[in-house]
1. Quickly run through region 68-92 and pick out the residues that are among the small types (G, A, S) and within 15 Å of the ligand (Cβ to nearest atom).
2. With the requirement that a residue be closer than 24 Å to L368 by Cα and either β-branched (V, I, T) or within 12 Å of the ligand (Cβ to nearest atom) (or both), what does region 18-47 give you?
3. Quick one: would you say P114 is under 26 Å from P198 (Cβ atoms) and either surrounded by 19 or more Cβ atoms within 10 Å (Cβ to Cβ) or more than 18 Å from the chain's Cα centre (by Cα) (or both)?
4. Filter region 191-216 for residues that are over 28 Å from P336 (Cα atoms) and touching a residue at least 40 places away in the same chain (Cβ under 8 Å) and give the result.
5. Any residue in region 163-188 that's among the β-branched types (V, I, T) and more than 7 Å from the ligand (Cβ to nearest atom): show its pairings with residues that are at pLDDT 85 or above and assigned to a strand (DSSP E or B) at Cβ separation under 6 Å, as long as the two are six or more apart or on different chains.
6. What are the pairs with Cβ atoms under 7 angstrom where one residue, in region 343-362, is assigned to a helix (DSSP H, G or I) and the other, located anywhere, is of a type in the set (S, T, Y)? Sequence gap at least six, or different chains.
7. Quick one: is R151 within 12 Å of the ligand (Cβ to nearest atom) and out of contact with any helix residue (DSSP H, G or I) (no Cβ under 7 Å at 6 or more places or on another chain)?
8. How many residues are assigned to a loop (DSSP other than H, G, I, E, B) and either in contact (Cβ under 8 Å) with a residue 12 or more places away in the chain or more than 21 Å from the chain's Cα centre (by Cα) (or both) when one looks only at region 381-407?
Amino acid sequence: MTRQGIEGVRAGGPGDAVCGVVPAHAARPRDVDELAGLLAEATRNGWSVAARGGGTALDWGGRPTSVDLLVDTGALNRIDHDPGDLVAEVGAGTPVAELAAVLAKAGQRLSVDPVRAGGTVGGLLATGLSGPRRLLTGALRSLVIGMTVVRPDGVVARSGGRVVKNVAGYDLAKLHVGGYGTLGVIASAAFRLHPLPPALRLIELPLPSLAHAERRLTLLRASHAVPAAVEIDWPVEGGSRLRVVLEGTPEGVRSRADELVAALARGLPAEEVTVGDALPPGWGLLPAEGTLVRLSVPPAQAPAAAARAAELGGAVDTDVRTTGSARTGALVVAVPPGARASAVTVLLEGLRSHSGWAATVVRAEEHLHTAGIDLWGEVPGLAVMRAVRDAMDPDRRMAPGRFVTDAPHTPREERP
Ligand SMILES: Cc1cc2nc3c(=O)[nH]c(=O)nc-3n(C[C@H](O)[C@H](O)[C@H](O)COP(=O)(O)OP(=O)(O)OC[C@H]3O[C@@H](n4cnc5c(N)ncnc54)[C@H](O)[C@@H]3O)c2cc1C
């Protein structure tokens, strides 16, 4: 079908809605050339554009102020794996789970933790979150070695390449990681991969108090165990836990685990420290409902930040739960569905008042958008980010309103 002369574009409907905004048009390009043609046509028509992969995180970020064209990346699904070089080039619409299954057959992996079923590589990159394993292999952006992006004007831009030691030119790919599709539509990305470790150990223990948690993390920092993940789980009602993941050869993880358990278990009843050889169900996944606040703090302050979030949540009768990496300081505070806007504001203001802590709402429930809560807080380098946005998308047609660059912003000293 053609609509306004553009092949493959159909009328949008409620099933295409992005964060409640129903697009006037929708299209599913079959390859990068079709995608480029679509964006060029959108430019001629002055249309605003949003991309959709699996649609599992369309409610992340700000609510778009307008979506004239929804681009469904589902057909950009291809995996070009080079096991010898430990790299893969992957279409943006490829489900992350499908990629993991293909790589696993060759004993390799893209070192990200599981994402919600249906999530695509493009969505993973655009939302830019990294899971527990970022501790060992780096954040998602450091695994990207190249990217093909279609710019808002329809020009295909390639950066980086398919070799790990690629240092030519500006590393433009990094701009798109966590950019929520506001700088262009990602068509494909090349990643460096890691071998699948043959063995794993999960050490789990309770954290009865903040002092106890800080002591355990000091012991961990002093050890030679080189964990792949160090996760805290801090619910408001108590019962906090620490989970340490070790990966490597069977003999290696066994001896590292023995050493670590001996150090960490001091002062705890022996039966409270458990050692397993598999990750628990739902590992790394965030709650499917409610509001999510990304909390970045200096690593040594991670337990204090989790405890403070619990304290603030308790003060406003809201069962918040903080999880995340106690060694990188990348935490997520999950706020249960239906929390009052006033309670979320108390939580955000309380966390943001600490120097060096940044609290960003990555997913807000509908009523919080309506209440106009400040999703972003103070964002360092915002002026530079806005300049990049203006240079790459001067008319702000790509997912307008989605990212901090489009948010109304009042410097802290000018706030009432
Ligand atoms: C360890 C880990 C755990 C996670 N857990 C969860 C979780 O539990 N729940 C959850 O919702 N998310 C989670 N995420 C975030 C994760 O990135 C997304 O869920 C998922 O991968 C998004 O994929 P999607 O295809 O469904 O994206 P969509 O929902 O389709 O899109 C998400 C955003 O990305 C933009 N986008 C999508 N594709 C492109 C593209 N090709 N180019 C430009 N912009 C694009 C969209 O416009 C939208 O703003 C997790 C991430 C990690 C690393």
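1. Within region 68-92, the first condition is being among the small types (G, A, S), and the residues that meet it are 74-75, 84, 88, 91-92.
Matches in region 68-92: G74, A75, G91, A92.
2. From region 18-47, those closer than 24 Å to L368 by Cα are 18-23; that's our starting set.
Matches in region 18-47: V18, C19, V21, V22, P23.
3. On the way: under 26 Å from P198 (Cβ atoms): yes; either surrounded by 19 or more Cβ atoms within 10 Å (Cβ to Cβ) or more than 18 Å from the chain's Cα centre (by Cα) (or both): no.
No; evaluated as a whole, the condition is false for this residue.
4. Step one: of region 191-216, the residues over 28 Å from P336 (Cα atoms) are 191-201, 215-216.
Correct list: F191, R192, L193, H194, P195, L196, P197, P198, A199, L200, R201, R216.
5. V164/I145; V164/R192; T182/M398
6. These pairs meet every condition: A343/T318; V344/T291.
7. Details: within 12 Å of the ligand (Cβ to nearest atom): yes; out of contact with any helix residue (DSSP H, G or I) (no Cβ under 7 Å at 6 or more places or on another chain): no.
No.
8. Keep residues of region 381-407 that are assigned to a loop (DSSP other than H, G, I, E, B), which gives 381, 393-397, 399-403, 407.
Add one more test, that the residue is either in contact (Cβ under 8 Å) with a residue 12 or more places away in the chain or more than 21 Å from the chain's Cα centre (by Cα) (or both), and what stays is 393-397, 399-403, 407.
Number satisfying all stated conditions: 11.
The values are calculated or read from the model by the stated rules, or taken from the named source; none is laboratory data. These figures come from a predicted structure and were not determined experimentally. Ideal geometry is used to build each Cβ from the backbone, glycine not excepted, and the neighbour counts take in all protein chains shown.
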